[in-house]
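The values are calculated or read from the model by the stated rules, or taken from the named source; none is laboratory data. It should be emphasised that the depicted structure is a prediction, and the values quoted were computed from it without experimental measurement. Every residue, glycine among them, receives a Cβ derived from its backbone with ideal geometry; neighbour counts consider all protein chains shown.
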Ligand SMILES: [Zn+2]
């Protein structure tokens, strides 16, 4: 029986209780135990407490187990912070190429229109992604997943959305499935008709990456030039969604609801069709303009409303009334050189279960780093370091319908945790631009260590 004991964390950030997302003042309560540890068995947490209690329990158990010591492996955290692995609830993990030329043009002060005219913008990524093979996309996605792990993230939501044809969207979702399910002998990329449905708990040993991935279908990311907006909405609803649902390739459906992309009525149509097929909803809303996207997500009973840079007070009230979790993405505001961050303080004060995430993507937020997002949350959105940790772990886990399995360090949950080279959790948001990850564990297995596993 594989077992592990973690001892001597300066602070064990447990985030224990209350069995639902944390709201308002609860977001500041981290459930910290000093000089603490955990007992882990078969990839799950069995006991959490002060180090001497954990050691006492190990001694008591080892006398009962004839095979010897209870813990086959002991991890001495050496006075570092131990906390749940980050849950990154909004990423575009899978794409081909990069947008270095756009980055340079933006730095020169060129507008979005000028960049698009020069062959940049989302279409350059769509073209490269459409042209990439599944093998190439798998390699690219694994590289990105490894970056996430190195920053202390153990679960990431990942969207399609750079294919925008039936076949290429299915291709992206197949690769996302492939990356998370242990391969059968000899088959690199399986035929979609014979592929198994997504594992309830992906990642871990034997998978292409130990990062646990939650797939989202974002066929409505932009309107391809070969279609009018209404024609493409029909393609998404009548061709893409039924295939995605019947092959169980995604858990969520997302739409970029924005002027020039999909308006509120078109977004509603797509979301309603997705809901009828059993998909849960998350939406890119109110990023560039306040188009009523937050109110739409509330009306539809969505799981999350993401971005919300332009959302006003009535939008916040609607989200609260409908219990929709906001997912705030300060990395994209920062990387675009924009000024207006979402109103995190008002949302927390209104009692919303706020989530923060990277929005990792090649255009507007090329960072997989949750510690960087914590820094932005504190410096630009005036969240406290404790609120930022809650928003990036347990609240994020609930936003992916996994609050009962990940996001906190409690008996019965998966042993997904990270050890950081600091004594106080506030250091995570305070020191920025320097990696602080010491080691990362998924289901009790070390999957990343500074200097290599
Ligand atoms: Zn996004």
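Within the range 103-125, the only residue that satisfies the criterion of being farther than 17 Å from residue 260 by Cα and within 16 Å of the ligand (Cβ to nearest atom) is 125. A count restricted to the range 318-332 and to residues that are within 16 Å of the ligand (Cβ to nearest atom) and surrounded by fewer than 19 Cβ atoms within 10 Å (Cβ to Cβ) stands at 0. Screening residue 371 with (1) away from the ligand (no atom under 16 Å from the Cβ); (2) in a loop (DSSP other than H, G, I, E, B); (3) within 29 Å of residue 96 (Cα to Cα); (4) touching a helix residue (DSSP H, G or I) at 6+ places or on another chain (Cβ under 6 Å) gives one miss only, at (2). So which residues in the range 246-269 are away from the ligand (no atom under 16 Å from the Cβ) and either crowded, with 21+ Cβ neighbours inside 10 Å or modelled with pLDDT of 95 or more (or both), if there are any at all? Within the range 246-269, 246, 247, 248, 249, 251, 263, 264, 265, 266, 268, 269 qualify.
The sole residue among 36, 96 that is assigned to a strand (DSSP E or B), surrounded by 13 or more Cβ atoms within 10 Å (Cβ to Cβ) and modelled with pLDDT of 95 or more is 36. Here 44, 2 are screened, and the one residue that is at pLDDT below 95, surrounded by fewer than 18 Cβ atoms within 10 Å (Cβ to Cβ) and farther than 30 Å from residue 320 by Cβ is 2.
Condition check for residue 298 on (1) within 16 Å of the ligand (Cβ to nearest atom); (2) surrounded by fewer than 24 Cβ atoms within 10 Å (Cβ to Cβ); (3) part of a helix (DSSP H, G or I): one failure, at (1).
Is it the case that the range 411-422 has a residue that's within 16 Å of the ligand (Cβ to nearest atom), within 27 Å of residue 19 (Cα to Cα), outside any helix (DSSP H, G or I) and under 16 Å from the mean Cα position of the chain (by Cα)? Show your work before the answer.
Keep residues of the range 411-422 that are within 16 Å of the ligand (Cβ to nearest atom), which gives none.
Scanning the range 411-422 turns up no residue that is within 16 Å of the ligand (Cβ to nearest atom), within 27 Å of residue 19 (Cα to Cα), outside any helix (DSSP H, G or I) and under 16 Å from the mean Cα position of the chain (by Cα).
Here residue 395 clears all of (1) at pLDDT 95 or above; (2) closer than 26 Å to residue 280 by Cα; (3) within 16 Å of the ligand (Cβ to nearest atom) except the condition numbered (3). Taken as a whole, the condition of being surrounded by 21 or more Cβ atoms within 10 Å (Cβ to Cβ), more than 16 Å from the ligand (Cβ to nearest atom) and touching a residue at least 60 places away in the same chain (Cβ under 8 Å) applies to residue 209.
Here residue 288 fulfils each of the conditions (1) buried (at least 20 other Cβ atoms within 10 Å of the Cβ); (2) over 19 Å from residue 89 (Cβ atoms); (3) within 14 Å of the ligand (Cβ to nearest atom) apart from (1). Taking residue 303 as the residue in question, decide whether it is within 16 Å of the ligand (Cβ to nearest atom), under 21 Å from residue 151 (Cα atoms) and touching a helix residue (DSSP H, G or I) at 6+ places or on another chain (Cβ under 8 Å). It is false that residue 303 is within 16 Å of the ligand (Cβ to nearest atom), under 21 Å from residue 151 (Cα atoms) and touching a helix residue (DSSP H, G or I) at 6+ places or on another chain (Cβ under 8 Å).
Would you call residue 315 buried (at least 24 other Cβ atoms within 10 Å of the Cβ), within 15 Å of the ligand (Cβ to nearest atom) and not in a strand (DSSP E or B)? For residue 315, the condition - buried (at least 24 other Cβ atoms within 10 Å of the Cβ), within 15 Å of the ligand (Cβ to nearest atom) and not in a strand (DSSP E or B) - is not met. Applying the selection to the range 377-407, what residues are more than 18 Å from residue 149 (Cβ to Cβ), crowded, with 24+ Cβ neighbours inside 10 Å and touching a helix residue (DSSP H, G or I) at 6+ places or on another chain (Cβ under 6 Å)? Across the range 377-407, the qualifying residues are 377, 383, 387, 388, 390. The C-beta contact set for the range 351-370 (first residue closer than 18 Å to residue 341 by Cβ and free of Cβ contacts under 8 Å to residues at least 60 places away in the same chain, second residue within 13 Å of the ligand (Cβ to nearest atom) and in a loop (DSSP other than H, G, I, E, B), distance under 7 angstrom, 6+ apart or interchain) comprises 364/336; 365/329; 365/358; 365/359; 367/358.
Looking only at residues in the range 272-285 that are in contact with a helix residue (DSSP H, G or I) (Cβ under 7 Å, 6 or more places away or on another chain) and within 16 Å of the ligand (Cβ to nearest atom), the one that is farthest from residue 357 (Cα to Cα) is 281. Hey, among 120, 161, which residue is within 30 Å of residue 228 (Cβ to Cβ), assigned to a loop (DSSP other than H, G, I, E, B) and within 24 Å of the chain's Cα centre (by Cα)? Checking each option against the conditions leaves just 161. For the range 333-359, a residue qualifies if it is buried (at least 24 other Cβ atoms within 10 Å of the Cβ), within 16 Å of the ligand (Cβ to nearest atom) and closer than 12 Å to residue 309 by Cα, and exactly one does: 342.
Of everything in the range 213-231 that is touching a strand residue (DSSP E or B) at 6+ places or on another chain (Cβ under 8 Å) and away from the ligand (no atom under 16 Å from the Cβ), the residue that is nearest to residue 126 (Cα to Cα) is 223.
The residue pairs whose first member lies in the range 55-72 and is under 22 Å from residue 8 (Cβ atoms), whose second member is at pLDDT below 75 and surrounded by fewer than 11 Cβ atoms within 10 Å (Cβ to Cβ), and whose beta carbons are closer than 7 Å, counting only pairs six or more residues apart or on different chains, are 62/68.
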